[in-house]
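The next block holds one structure in the form of structure tokens; read it before the comments.
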Amino acid sequence: MQHQHPTPAATSSDAAPPLAAGDNALTTLQVDLDEDLRFAPGQLVLSERALFAHLGDGGPWQRHELTPNLTLHHHDHAGVGTLELADADRLIARWRFTLGANVQALRLVKRFEQLQHARALGVPPEGDDPTRCPNCRAPLPPDSDECPICTRELTEPPSTWVLLRLWRFAKPYQGRLLAGFLLTLASTGATLVPPYLTIPLMDEVLIPFQNGQKIDPQYVMLLLSGLLGSALLAWSLGWARTWLLALVSERIAADLRVGAFEHLLQLSLDYFGAKRTGDLMSRIGSETDRISVFLSLHALDFATDVLLLGMTSVILFSINPWLALITLIPLPFIAWMIHMVRDRLRTGFEKIDRVWGDVTNVLADTIPGIRVVKAFAQEAREAGRFREANKQNLHVNDRLNKTWSLFGPTVSLLTDIGLLVVWAFGIWQVSKGQITVGVLTAFIAYIGRFYGRLDSMSRIVSVTQKAAAGAKRIFDILDHVSNVPEPANPVPIAGLKGGVTMDNIGFRYGNRSVIRGLNLEIRPGEMIGLVGHSGSGKSTLVNLICRFYDVTDGRILVDGTDIRRFAVSDYRRHIGLVLQEPFLFFGTVAENIAYGKPDATRDEIVAAARAAHAHEFILRLPQGYDSLVGERGQGLSGGERQRISIARALLIDPRLLILDEATSAVDTETEKEIQKALDNLVQGRTTIAIAHRLSTLRKADRLVVMDRGVVVEVGPHDELMARQGAYWRLYEAQARKAEAEGSDHDAVLIASTLQQPSAHEAVGP
């Protein structure tokens, strides 16, 4: 058995793990404790073939080959997480860490299990098998693109214990939480003073007065002052407690909201393809609000109730043990009811969350698409969709309210019966002379508070399950691992030239193979035109180059380095993207141009707009560069939006430029303006352009013809036309279509492809 004993002599990131050729780091974990639970840095790196460990003591990396019988166990106790690597009969290594790294540890374990699952099936992590998941190699369901292992979300009802995971966000405020707990303890104690003072008031003041004795005014004032003082103390402590814990809970919820959104932004595009916008908005918005209300109000009340019940029980037993036991009679019945109702509640609240997500989805679909709705006169249809979703929401709520409406009154009935039993037993004890009237009066006062808090605690089951359901939906986002992982030790990017090499790459959407065995070399500064029928894989290839997805086979190299070894954000800063449907954010024209470079000066913004042939129409806007473009740029025409998107790409000065059908949705005159802007944009950059209209690729150095995920032809226009192959057929078909439609402009542009110089001949290297 091997134990790890890192020492704090060196950091864990002094060197990269010794990856073999073709092996790639998938995820990493920083561990910070040694076997003696002393702080000491260390690092784990999981690759496709091995688990590497660096002890932080300046020594070499330890390599543990991923054999089929290897297992990685995770558990935590008392704030310390542990990972144990073992085979069938022995423990190989152990690493410890504080729970701040627990989420990343869970991701590492999940990725490890996916790799081992593939090996257990006898399938290597590599290979082009459309019937298996490209990530974990598990068999895919028939006619499904989603892997049940990699894309599943937990379907079981949320456990209340999920709320304990909020400690990750509460930890920065632990000092304030401790102060709030102490205030809660003190204020609860202050509220228990008045009933105790009723004993001397009854037994030493009121009852003796009825028997003819005089009242001692000073003693009465002392007791009344005690009642007033305890009330004021309880008020001030309660106010301070509520204010402090409300501030903390709002900050926890805000951190949770920001954390969920930031993690959402880091996820790969395939996650968003399987989610509805309204559902994600509901999770990050309303669910965090629900958790905030739970933490600021109900959790505080619950803590107060627990303290009050415990302290009241101690007082009751100190006054009269037998009467205290009678008080506890309803407790077993209430506990049984809570247990019975809890499962129904937590299942019901999760259904409510899902149904409410459906309601939000209708809104998220309809409001942004209101133009299409009105254009096709589908207002009644969308109203019907919303009415049906709202009806489902009402139905689920009605079923849950039916259960809850029976639970609350039943608990109240049990506490009332318990109070009657206490009255009866107390009167019997007074008649026997075993207790005084003052003791019984204090007992009844305490019991009133006891049963009141018991009833409140039973009702908190509802809000607790609501919060648990909301927390589960948020942690479903936080626990999701991006399919485009960051490298463990990213390679810095300096002086990118823009040479791109695709080395036998393959890619699948689920079990559908889109690209197979593709090889292509793009020289720095070269302009490549991608052509082919719809569905041939052009846009997918561009997505892989941008690393919106990762290849399932082979590798993509930029300047000789696998792009998976670059930090994702650093790599994408060198890519300019101009899409067929440009997306503009709500804001000014200047803000949209400077989106990729927020610190750009106004001169830089204007220069980019001039180069994009957008300066003139921007000046015609009411406030020029400070004009609001409206949501998604609806205040501008399609061509204007496209030229702003070109200016946005120009401003960041990318080394790699992607043009995805940049002129296909505009008229002829607008296309001329956009083409002028593109001529400025492609100068000196490696450019990959997709276009259905072959006329827009007249300046490309080479044309790459794709068909069903493979490259079938590569070469200049003249050479491909001479071959009379796939490109020639595309060209001829488009020319006949242009002639049939009478489009002189397209015919001229297509014919001019033969005479136009290449990008290098036109603008130089």
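Among 546-558, 489-501, how do they line up by average Cβ neighbours within 10 Å per residue, starting with the highest?
On the way: 546-558: 19.9, 489-501: 14.8.
Per-residue mean Cβ counts within 10 Å order the peptides as 546-558, 489-501.
In the structure displayed, which of K391/K466; K374/K472; K497/K597 lie more than 30 Å apart, Cα to Cα? List each step's numbers first, then the result.
Working: K391/K466 20 Å; K374/K472 38 Å; K497/K597 20 Å.
In this structure, K374/K472 lie more than 30 Å apart at Cα.
Sequence neighbours fewer than 8 away in the same chain don't count; with that in mind, list the lysines whose C-alpha is under 19 Å from K676.
Those lysines meeting the cut-off are K699.
In sequence order, what are the phi-derived ³J(HN,Hα) couplings for region 484-500 according to the Karplus relation 6.51 cos²θ - 1.76 cosθ + 1.60 with θ = phi - 60°, rounded to whole Hz, with x for glycine and proline?
So the Karplus estimates, Gly and Pro as x, are 10, x, 6, x, 5, 10, x, 7, x, 9, 9, x, 5, 8, x, x, 10 Hz.
I'd like the distance separating the alpha-carbon centroids of region 503-537 and region 234-271, in whole Å.
45 Å
With a 1.4 Å probe and every protein chain left in place, work out the accessible area per residue of region 494-566 in Å², rounded to a whole number.
Numbers: 2550 Å² over 73 residues.
So region 494-566 comes to 35 Å² accessible per residue, rounded to a whole number.
Summarise the accessible area of region 164-322 (1.4 Å probe, protein heavy atoms) by the percent that is carbon and sulfur. Don't skip to the end; give the middle numbers.
On the way: 6060 of 8690 Å².
Carbon plus sulfur share of accessible area: 70 percent.
The values are calculated or read from the model by the stated rules, or taken from the named source; none is laboratory data. Given the structure is predicted, the values throughout are model-derived calculations rather than measurements. No Cβ is skipped: glycine too gets one built from the backbone with ideal geometry, and neighbour counts run over all protein chains shown. Accessible surface is based on the protein model in full, side chains and every heavy atom, while ligands, DNA and RNA are left aside. Shrake-Rupley method; radii C 1.70, N 1.55, O 1.52, S 1.80 Å.
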